[in-house]
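Sharing a structure here in structure tokens format.
Just so it is clear, none of the values below were taken in a lab; they were calculated from the coordinates. Computed from a prediction, not measured in an experiment: that's the story for all the values here. Cβ sites come from the backbone with ideal geometry, for glycine too, and all protein chains shown count toward neighbours.
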Amino acid sequence: MEQQVIMNQLSYPILSTVIFLPVLGALLILLNRRSWESLTRWLALGTSIATFFLSIPLFTMFDKSTHKMQFVEKFKWIPDWNIYYFLGVDGISVLFVLLSTLTAILCVLISWESIKTKTKEFYISILLTTSFMIGVFCSLDFFLFYIFWEAMLIPMFLIIGVWGGPNRVYAAIKFFLYTLVGSLLMLVGIIVLYLYGGKTFNILELMTKTYPYTMQVWLFWAFFSAFAVKVPMWPVHTWLPDAHTEAPTAGSVILAAVLIKMGAYGFLRFSLPLFPEASVAMTPIMLTLSVIAIIYGAVICLAQTDLKRLIAYSSVSHMGFVTLGIFALNTQGLEGGILQMLNHGIVTGALFLSVGIVYDRTHTRKIADYGGLATEMPIYASFFMVFTLASIGLPATNGFIGEFLILLGGFKANQWAGVLACTGIIIGAAYMLWLYQRIFFMEVNPKLHGLVDMDVRETIILIPLIFLVFWIGVYPDSFLSFMHPSVQHLIERLNTGGVQEMNIAKTVMEVVK
Amino acid sequence: MELQFYHILIPFLPLAGFIINILLGKEVTRFNAHWPAVLSVAGSWVCSLFTLRDVMAGKIIDADLYTWIVSGTFKVSVGFLIDPLTAVMLIVVTTCATLIHIYAVGYMRGDSGYYRFFAYLNLFTFCMLMLIMGNNFLLMYFGWEGVGLCSYFLIGYYFNKKSAADAGKKAFIVNRFGDFGFGIGVFIVFLTFGTLHYADVFSNVSSIAGKTVSFLGWNVDLPTLIALLLFCGAVGKSAQLPLHVWLPDAMEGPTPVSALIHAATMVTAGVFMVARCSPIFNLSEVAMNTVAIVGAATSLFAATIAVTQNDIKRIIAYSTCSHLGLMFLACGVGAYAAGIFHLYTHAFFKALLFLAAGSVIHAVHTNNIQEMGGLKKYMPITYAVFIIAALSAAGVPGFSGFFSKDEIIWSAYAAHTPVGKLVWLMGTAVAFLTPFYTFRLIFLTFHGENRGVHKAEEAHGHNPHGSSHSAHGGGHNSHGHDSSHGSHGGRHIHESPKIMTIPLMILAVGAVAAGWVGIPPILGGGAHFAEFLKPVVGHPEFHGTHAEEWAVMGLSTTIALCGIALAAFMYLRKSDLPEKISKQFSLIYKVLYHKYYIDELYNYTIVKPTYWIADKVLVAITDAKIIEGIVNGVPGAIGRFSQKLRKVQTGLAQHYGIFMAAGAFFIIALALLLR
């Protein structure tokens, strides 16, 4: 068992540090005086920056030659129930830890001037959400995982419900109920696994066992209910537009960049390796749902009149690409899917940040209230253009690499799925360029006269994301190389644990005669 | 031969120019933005000449710079392939780009987006060079999308104008339809050959001959499938039927853009791609015939529309469509070298036509040829080069265009197949129409009396921005050179400055003499051009005698001269005749004038239904009623729930603390019970 993991070799327990440093920051803010708002902000910023820098060794010191869990910390926690405090990352999860720590900084910075009420509570919520999200990505014990998974909802719920738009309470409760109902079914699934798998919550140990096929199918759907809501897959996506639209900018960014990645991550981490036969058997359904999400999400964007709602629906479409890649169950699809999760986090996060920047000036989300903004805010327009292009998957941006690998993998797995998903690319260009035209091009809307372009703080927020867009687009190897061994391992698990006669790696273009 | 430093500089110099101007343009380079832009492109041109020398010495370079994407068995690099085909394209692209960059210094002077314009133009040059130099399909796709993006930027350059923004978006989206097929073609190439690198694919290409595969449930011939899917991309990019609709609208862009992107380089990418993939196309007769027929049909179709149009740039745009069709026609009958030869001569005379048209627009501030006339005496240089370009486009013996067009028509005839004969007939018809509409344009623009004085004065006096002159269309901060006409008032038509006329004169030399490298043996030449390309694209088998070759050439030349004569008769001698004819055949005239109503057709069958579904079905019914209804239980219940919660709003945090505690209790209780 122990040879499956590589214990943490660094001088500090890196995963615990990045999980609990934000909690410490939150405590400090709690102790701070309410009237010292500026100190609150700087504490939040300092904590998030420190967390980010302390997480960098995960990128630089990561051993890319193995699929084993790394930076592992393992302690007995509740011995009676065989519960461990067990943390570790592999090529599938490590990048999301980094994405979370980066997102935290951006969320603090973007809220700098826009959050004026209950500042203390706001930054505490942001830091706690970050902490719990990182915990989800690092947990290797189901009990620990579930605690983080559920705990994450509370600060997120508060962020939407307290600092959101006019309809925030409805949106927050909808968000909470959807995810809670899904999670409860997963909880049942976890308990069944615990009982069947030899009274252990150890995820790695549970993965070595084989479960009867019928049980796999039931458990697959139990976990599906939790993950599909989070992704969100069609048709359980309707909470997302409401939550995104009502959430404050930082909330939308956390939702888009990290939180909705949890669902896809869950499929990768749990559904595929724990229930390989069921996963293979359910592939047709999952591919169908993915393709529907891609096309449905894209077409519905054409009818949106609200800026944030449009980007929210585009997330449905983009996450459809992610699930398509994952359930293509081949190397290109899986790696493309993981990369696209990262890309979507960067690009959609950036789009929500950008919307926040202009919303702070205009206080309107209606697309019709915009027009000609490129004349008034040319630098802002250039940044937004880069993210638009990344969103529609233009080569040399990150979106292209992810989408290309996904479509290649998807086409390999199922030609119809691949071809239909490609139509999403056409519609994607249509709604994004049309959005861009309505906001930035044409005559300047009189209401927008005299808007000032981005200031230094806002530019600093977006520059790292621009950098990532091109880095991944031009030299994706820096990121793809993290995934190779882990994805290979996953595919081996699917091939050996899955239906034997289904050789997933086979070429599709089989010659008929 | 190893990859040399100057090979790498070719694409990356313009990229450097782009980066300088996009980062520093607003503050530093400003109205000197043309220096980095022009110098970088000129540098590429010099490097391209050295590269041509290498290739002519028989060297072929295929080298990778770095590995771009690796995933499982999928591996693709960033690398260059430099062979005769690339070398020819390099010369075409860098020569035209350099001259047009210089011309734009004069044309765009004083425009508020000066640096932005040159930045995009440089970025375009970079992408185009990557497209032609890449050594694999994915890098071609990179350049392919990149040039499309720059085209989008530059068509919508005057973005405050709705029509310009619309046109840019239309170009991008229509091209995505073509790229849809192209992308799937690339997938199948990879799944068939296990690689996307040209060298590996083309060396194994014979292994797929005659193979049948299952595609979406149908059994189809593999080479045909791949070739037709790739050709989808070419149809979009090169504005062939049925995806031609974006090109005429693309004329919203400034004229140098039309010359560089929508005449000389980008739109010919499709032809280049077909020639590059000739080993695949050669395996499929169906695909070859499709290419030939689509090309010939577009050529004829666009030529008939051009006859009735009045916008000077749109006429030339349809002419571009038509000439691109001829190039595909050549590829479709196996005469790839003839297609590329026409691409090469066309780049010169068509860029010249556009730039000369730009010079005219620059002077008269309108695009409508009905409002021009009599410009000959005011703009002698423009007039002269316009005539040269038109003679070349019309295929008058001795000019560049003659040799390439003649080779295409002869190749079609000599292919000796039913399809070859059909497209030969269509090509000959085009050979009549091309000179007719080109000289109609010239006679209406330069000859006769000026019909636009009054209108021009009005436009100047009241609303200088309302004129359709694109350089003023944006109506924002456009000042300097152009507006000075306005302040003078009245007619002040004069020749363009030297910085514009010198590139015109250089291009005019090309429009006359560029084709001399490909004079066929029958006229005493050595057909050097075709020989040079032979190692890459091969040479078709001709079935015909010398007598037939003379006859075909004589026929198309006679018919071309007839076209000019008819135009002269209708627009110089009997200038009331055109109106009479259009009244007599008003139905045909209307159909042609409205471009066969294709835009309207797409609007009512694709665009509007999609929006209708999005708005009236997905938003209003599926999401709001069905999904919310089923998944939510009753949405109203949530509403009521939230109403109740709102009353205890201050207690929300505690509320959910209780929720959590209950959850934790639930887990613990379960765990205890199950022990």
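With n ≥ 4 as the cut-off for DSSP H runs, can you work out [θ] at 222 nm for chain A, using -39500 (n - 2.57) per run divided by the number of residues, rounded to the nearest 500?
-22500 deg cm²/dmol
For chain B, which semi-axes, largest first and in whole Å, follow from the square roots of 5 times the eigenvalues of its Cα gyration tensor?
Semi-axes (√(5λ), whole Å): 46, 34, 27.
Provide a whole-number value for the mean count of partner chain Cβ atoms within 10 Å of the Cβ atoms in peptide A:368-380.
If you average over the peptide's residues, the count of other-chain Cβ atoms is 1.
Report, by chain and number, residues whose modeled amide H sits under 5 Å from the one on A:Ile92, excluding near sequence neighbours (fewer than 5 apart, same chain).
Distant-sequence amide H within range of A:Ile92: zero hits.
Roughly how crowded by other chains is peptide B:60-73, in terms of the mean Cβ count from those chains within 10 Å of each of its Cβ atoms?
Shielding by partners across B:60-73 averages 5.
Additional query: For the cross-link pairs A:Lys308/B:Lys608; A:Lys412/B:Lys211; A:Lys64/A:Lys308, which exceed 27 Å when the distance is taken from alpha carbon to alpha carbon?
The pairs that break the limit, which is 27 Å between Cα atoms, are A:Lys64/A:Lys308.
Okay, moving on. Compute log10 of I(q)/I(0) for segment A:284-513 with the Debye formula, placing one identical point scatterer on every Cα and leaving out solvent, at q = 0.07, 0.13 Å⁻¹, to two decimals.
Cα-only, vacuum Debye calculation for segment A:284-513: -0.25, -0.76.
Now for a different question. I'd like the trypsin sites (Lys or Arg not before Pro) in segment A:1-44 restricted to DSSP loop residues with at most 12 other Cβ atoms within 10 Å, sorted by number.
A:Arg33, A:Arg34
Mean Kyte-Doolittle of at least 0.0 and a Cα length of 20 Å or more along the axis: which whole DSSP H helices of chain A meet both?
Helices meeting the criterion: A:14-31, A:37-55, A:94-110, A:119-138, A:168-196, A:213-230, A:276-301, A:307-328, A:331-362, A:398-413, A:415-440, A:456-474.
Still on this model: Amide H neighbours of A:Met69 under 5 Å, counting only residues 5+ apart in sequence or on other chains, H built in-plane at 1.01 Å?
When sequence neighbours closer than 5 places are left aside, the close amide H contacts are A:Ile6.
Rounded, prolate or oblate: pick one for chain A, where a ≥ b ≥ c are the square roots of the eigenvalues of its C-alpha gyration tensor, a/c under 1.5 means rounded, and failing that, prolate if a/b is larger than b/c, else oblate.
Taking the square roots of the gyration eigenvalues as a ≥ b ≥ c, chain A is oblate.
Explain nothing, just the number: relative contact order of chain B, from Cα pairs under 8 Å at least 6 residues apart, as a whole percent.
Computed over chain B, the figure is 12 percent.
For chain B, what does the helix formula give at 222 nm: sum of -39500 (n - 2.57) over DSSP H segments with n ≥ 4, over the residue count, nearest 500 deg cm²/dmol?
Rounded to the nearest 500, it is -21500 deg cm²/dmol.
Continuing with this model, one more query. Can you list the residues, at least 5 places off or on another chain, whose amide H is less than 5 Å from the amide H of A:Thr208, using H built in the peptide plane?
none
Right, next: Could you work out, residue by residue across A:305-315, how many beta carbons of other chains sit within 10 Å of that residue's beta carbon, and then give the average as an integer?
Taking the mean over all residues of the peptide, I get 1.
How high is the relative contact order of segment B:216-326? Use alpha-carbon pairs under 8 Å, at least six apart in sequence, and give a whole percent.
Once divided by the residue count of segment B:216-326, the mean separation gives 33 percent.
Is the C-alpha gyration tensor of segment A:217-271 telling us rounded, prolate or oblate? Criteria: a/c under 1.5 is rounded; beyond that, a/b larger than b/c is prolate, otherwise oblate.
oblate
With an 8 Å Cα cut-off and a minimum separation of 6 or more residues, compute the relative contact order for segment A:284-513 in percent.
Taking the mean separation of contacting Cα pairs over the length of segment A:284-513, I get 27 percent.
Averaged over every viewing direction, what's the projected area of the C-alpha convex hull for the protein assembly as shown? Give it in nm², one decimal, please.
46.6
Among A:156-166, A:334-344, what's the highest-first ranking by average C-beta atoms within 10 angstrom per residue?
A:334-344, A:156-166
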